[in-house]
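Trainee: Mind looking over this structure? Questions follow.
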Amino acid sequence: MVGWSLLARAGEPAKDNPQVTVFVNDSASAPERIVLAAEQNAGRVFHQAGVEVEWMNCGAQDGNRSHTQCRDNMMSSGLVVRIIPHARTLGDDIFGVSFVDHDSGTYADLFFEPIEQLHQQNRDISLAPILGDVLAHELGHLLLGSNAHSRDGIMQPHWTREQLRRVAMGQMRFSKEQAARMRTRIASSQIEHQNSPPLEASNR
């Protein structure tokens with residue numbers, strides 16, 4: 001997956017768009033400015049799909065009220081994304097994994113070192129859009145379920161140089177059908193954490 005710099009900002013949240021809260025726990029010591037820019041990038045992708053994202057950053061180094069709120073709320077509502085250095089058992093060509101059943105999920109991991117390595121191999125593409133589109137992809141799995149991969153767009157399972165060019169241009173999006181499914185799912189039911197072990201891991 002590849003990106004340039006953020007070429008567009010998400011507009012003001014549409015009042016009628018459903019909203020989802022995403023708790024981001026950075027355990028990889030990724031630069032804060034990169035994480036915030038990646039969230040902005042992912043938020044734009046979801047905004048284009050008619051979904052608004054509220055980000056709650058829960059870095060391990062935080063000791064403020066925001067972190068306390070993260071800790072308290074993370075176990076009861078919203079989606080949770082961990083940014084960790086790397087996967088223990090997956091190859092370096094896997095940038096993230098989401099834990100989903102057929103319909104949806106709650107938890108996803110992003111692997112910062114492989115994503116950063118991809119950026120190093122494609123220095124003409126900025127790190128934040130790459131991280132942001134990986135983030136949007138894994139959140140897409142949590143909202144769409146395990147069979148969410150598509151032949152084009154943000155949910156493609158494998159990204160060639162052409163897809164990376166589109167990441168750089170801010171052109172990777174959800175399809176209209178995927179966007180409608182996500183809006184319906186968020187609007188029809190409040191996302192609740194699943195306390196049972198995940199049934200399936202969907203990685204990319």
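Bear in mind that the values in this text are calculations on the coordinates, not laboratory data. What you are looking at is a predicted structure, and each value in this text was computed from that prediction instead of being measured. Cβ coordinates were reconstructed from backbone atoms using ideal geometry, including for glycine residues, and neighbour counts include every protein chain displayed.
Trainee: Starting with the highest mean, order 35-48, 86-99 by the number of other Cβ atoms within 10 Å, averaged over the residues of each peptide.
Mentor: 35-48, 86-99
Trainee: From the backbone phi of segment 106-112, what are the Karplus-calculated ³J(HN,Hα) couplings (6.51 cos²θ - 1.76 cosθ + 1.60, θ = phi - 60°) in whole Hz, Gly and Pro given as x?
Mentor: Going residue by residue, I get 10, 10, 9, 10, 10, 9, 5 Hz, with x marking Gly and Pro.
Trainee: A further question follows. Over what distance in Å are the Cα centres of segment 153-177 and segment 79-136 separated?
Mentor: 15
Trainee: Could you tell me the calculated FRET efficiency between Ser77 and Ser29, based on Cβ-Cβ distance and R0 = 30 angstrom, to the nearest 0.05?
Mentor: That pair, Ser77 with Ser29, gives E of 0.70.
Trainee: Sticking with this structure for a sec: So the label point goes 7 Å from the Cα of Asn17 along Cα→C-beta, right? Which residues of segment 34-60 then have their backbone N under 13 Å from it?
Mentor: It comes to 40-55, nothing else.
Trainee: Shifting gears a bit: If the convex hull of the alpha-carbon atoms of segment 19-186 is projected onto planes in all directions, what is the mean projected area in square nanometres?
Mentor: 9.2
Trainee: Apply the Karplus curve 6.51 cos²θ - 1.76 cosθ + 1.60, θ = phi - 60°, to the phi angles in segment 36-41 and return the couplings in whole Hz, x for Gly and Pro.
Mentor: Residue by residue, segment 36-41 yields 5, 5, 5, 5, 4, 4 Hz.
Trainee: Report, by chain and number, residues whose modeled amide H sits under 5 Å from the one on Gly78, excluding near sequence neighbours (fewer than 5 apart, same chain).
Mentor: Excluding prolines and chain starts, which carry no amide H, the hits are Ile191.
Trainee: Then there is this: What number comes out for the charge environment of Gln163, summing +1 per Lys or Arg and -1 per Asp or Glu over other residues with Cβ under 10 Å away?
Mentor: Its environment carries a net charge of 0.
Trainee: How much FRET efficiency would the formula 1/(1 + (r/R0)^6) give for His158 and Leu36, where r is the Cβ-Cβ distance and R0 is 41 Å, rounded to 0.05?
Mentor: With R0 = 41 Å, the Cβ-Cβ based efficiency is 0.90.
Trainee: Express as a percent, rounded to the nearest 5, the fraction of DSSP beta bridges in segment 19-186 (both residues included) that run antiparallel.
Mentor: 25
Trainee: Further question on the same structure: Please compute the length gained on full extension between Asp101 and Glu54, using 0.36 nm multiplied by the number of residues separating them and subtracting their Cα-Cα distance.
Mentor: 14.6 nm
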